[in-house]
Amino acid sequence: MASDSAKGASRTHVRVHEWASLLRQAEALGLSEEGRAGPQKVLLASERGGIFPQLSSDSVSVEDDKLFALMMTSGSTGSPKAAMFTDRMWTVDTGHAMYMPNYRNVSFIPLSHSSDLMRTFETLLNGGCTGFARYDSTGTAVEDLIEDVGMLRPAMIVAPPRVWNCLYEKFQRRLREGEGREKEIERLNEDFRNMMGGRLQVVCTGGAPTAQRVMEWLEGTFSCGVLESYGATECGAIATNGVVEAGVQVQLRALSEGRGGAVTDSSVAPPSFGEVMVKSPNLFAGYLDLPALTRECFDAEGWYATGDLGRLDSEGHLSCVGRVKHTFKLSSGEYYYPDELEKLYEGAEGVNAVCIHGEPCEATVIAICVVNTNCGLSDHEILKAFQKRGKEADKKSFEIPGGVICERHMERTMENGMLTMSLKI
């Protein structure tokens, strides 16, 4: 007779076994199409989800919470680390019962992005299917991805801001080349919906802040739900469109002197701005072979320190504005948060990317930006546009650039060190 621990381990993977059984049924019905290759095989495989019955919605009991997988962090804030995912964490995050007949998801960076990998498992375990699209860091990366998405015709796609920014710029170039703005926008919206397969129901962005202009464009162009997801490899999803996920607890830890601001007495009132601290059923088990670093990630009460700067409004909506490590002090004694400012100034016309920089001996910041090659604005005109946006957003004088450096021939790629494997800067 099997031991209790063996039974628990077996129940942990019951969904995987059930899925494998259904695949064998599909092959028995002649749906495997073994003789086909390339995109055509992917397209035929994507039809399989519709024949499967609904999977069991019973929760999986895990008695022996063993190591299930290792997921590398992006390395955007230091050397990549191997985060340990246990059976329980993986089951909680991928075990949602939501039957998805003919549901198609697109995956293109599952080994570099934990949410991509988990959504792939979740889709398969709930009767849907996933197509794997091409993506690398060369100049044709986004074009290849768009071509594959068009063939796969997904209902949902999750991608980092870099992908949506490139698609947005492509739209703007086409718009500038056209005639009659209102009719051109209507025609381009239809072209871009068809370009992405014409079946999108949900567009999700995450991994880094997405410019508001891009979010509004996605919603208007694809006429579907647009979600901005905030989370971390170590604790899974934290909030979607500012709404904290069910089962997740969030509080903000006041910043101490030297970490970006004055000390706030949290015993009087919880701070509305500070480091995002999380308790979640999806918390990782620690970093492999790095016990000291693992201990540093948690406070005495078991809250995980994300290292992110966040704001909570009066209704409890959470917004991430940057990283604690990315907090700097100017000669005036004022602290500034470059991530938040960069998101604001990237909305300026003709600007693809912005880096806000400040020196301890200076009283204001400067903007280093990558300008669209088709942009006809001078450096002075771009600076004036930044200053106008800063004033309209009620930014303080030291948060408004006093100078600008424009680069017109630079791309963000993994080869030149501008992007990590998960497409973060």
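The values are calculated or read from the model by the stated rules, or taken from the named source; none is laboratory data. On a predicted model such as this, the values are computed, not experimentally measured, just so you know. All Cβ positions, glycine included, derive from the backbone under ideal geometry; neighbour counts span all protein chains shown.
So which residues in the stretch 231-254 are under 14 Å from Tyr304 (Cβ atoms) and within 13 Å of the chain's Cα centre (by Cα), if there are any at all? If the condition is that a residue be under 14 Å from Tyr304 (Cβ atoms) and within 13 Å of the chain's Cα centre (by Cα), then Gly231, Ala232, Thr233, Gly236, Ala237, Ile238 are the ones that fit. If you check Asp93 against the conditions, is it under 23 Å from Ala239 (Cα atoms) and modelled with pLDDT of 80 or more? Considered against the rule, which asks whether it is under 23 Å from Ala239 (Cα atoms) and modelled with pLDDT of 80 or more, Asp93 comes out as no.
Just give me the residues in the stretch 281-317 being outside any loop (DSSP other than H, G, I, E, B) and polar (S, T, N, Q), in sequence order. If the condition is that a residue be outside any loop (DSSP other than H, G, I, E, B) and polar (S, T, N, Q), then Thr294, Thr306 are the ones that fit. For Asp148, the criteria (1) farther than 29 Å from Val371 by Cβ; (2) of a type outside the set (Phe, Trp, Tyr); (3) surrounded by 21 or more Cβ atoms within 10 Å (Cβ to Cβ) hold in every case but one, which is (3). Going by the conditions given, is Asp116 in a helix (DSSP H, G or I), out of contact with any His (no Cβ under 8 Å at 6 or more places or on another chain), under 16 Å from Ser229 (Cβ atoms) and outside the structural domain of Val351 (by TED's automatic domain parsing)? So Asp116 fits the description; yes. Considering the conditions (1) crowded, with 16+ Cβ neighbours inside 10 Å; (2) more than 30 Å from Val92 (Cα to Cα); (3) modelled with pLDDT of 90 or more, Thr264 is excluded by exactly one of them, (3).
The residue of the stretch 308-329 that is surrounded by the most Cβ atoms within 10 Å (Cβ to Cβ), among those that are of a type in the set (A, V, I, L, M, F, W, C) and under 16 Å from Ala208 (Cα atoms), is Leu309.
Residue-by-condition table, conditions (1) more than 30 Å from Ala246 (Cβ to Cβ); (2) of a type in the set (Lys, Arg):
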position	(1), (2)
Leu330	yes, no
Tyr337	no, no
Leu341	yes, no
Val365	yes, no
Arg389	yes, yes
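Considering the stretch 330-339, the residues that are closer than 16 Å to Ser397 by Cβ and touching a residue at least 60 places away in the same chain (Cβ under 8 Å) include one that is surrounded by the most Cβ atoms within 10 Å (Cβ to Cβ), namely Tyr336. The residues on offer are Lys329, Lys343, and the sole one that is within 24 Å of the chain's Cα centre (by Cα) and among the basic types (Lys, Arg) is Lys343.
Taken over the stretch 318-350, the criterion of being in a strand (DSSP E or B) and either among the basic types (Lys, Arg) or touching a Leu at 6+ places or on another chain (Cβ under 9 Å) (or both) is satisfied by Leu318, Ser319, Cys320, Val321, Gly322, Arg323, Lys329, Tyr335, Tyr336. Only one of the numbered conditions (1) surrounded by fewer than 16 Cβ atoms within 10 Å (Cβ to Cβ); (2) at pLDDT below 85; (3) over 18 Å from the mean Cα position of the chain (by Cα) is not met by Arg213, and that is (3).
For the stretch 357-381, filtered to residues that are small (Gly, Ala, Ser) and surrounded by 17 or more Cβ atoms within 10 Å (Cβ to Cβ), the residue that is modelled with the lowest pLDDT is Gly358.
Rundown of residues vs (1) among the hydroxyl-bearing types (Ser, Thr, Tyr); (2) closer than 23 Å to Ala348 by Cα; (3) modelled with pLDDT of 80 or more, yes/no style:
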{"residue": "Thr138", "(1), (2), (3)": "yes, no, no"}
{"residue": "Asp144", "(1), (2), (3)": "no, no, yes"}
{"residue": "Gly150", "(1), (2), (3)": "no, no, yes"}
{"residue": "Lys183", "(1), (2), (3)": "no, no, no"}
{"residue": "Met195", "(1), (2), (3)": "no, no, yes"}
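The residues on offer are Val158, Val142, and the sole one that is free of Cβ contacts under 8 Å to residues at least 40 places away in the same chain, surrounded by 17 or more Cβ atoms within 10 Å (Cβ to Cβ) and in contact with a helix residue (DSSP H, G or I) (Cβ under 7 Å, 6 or more places away or on another chain) is Val142.
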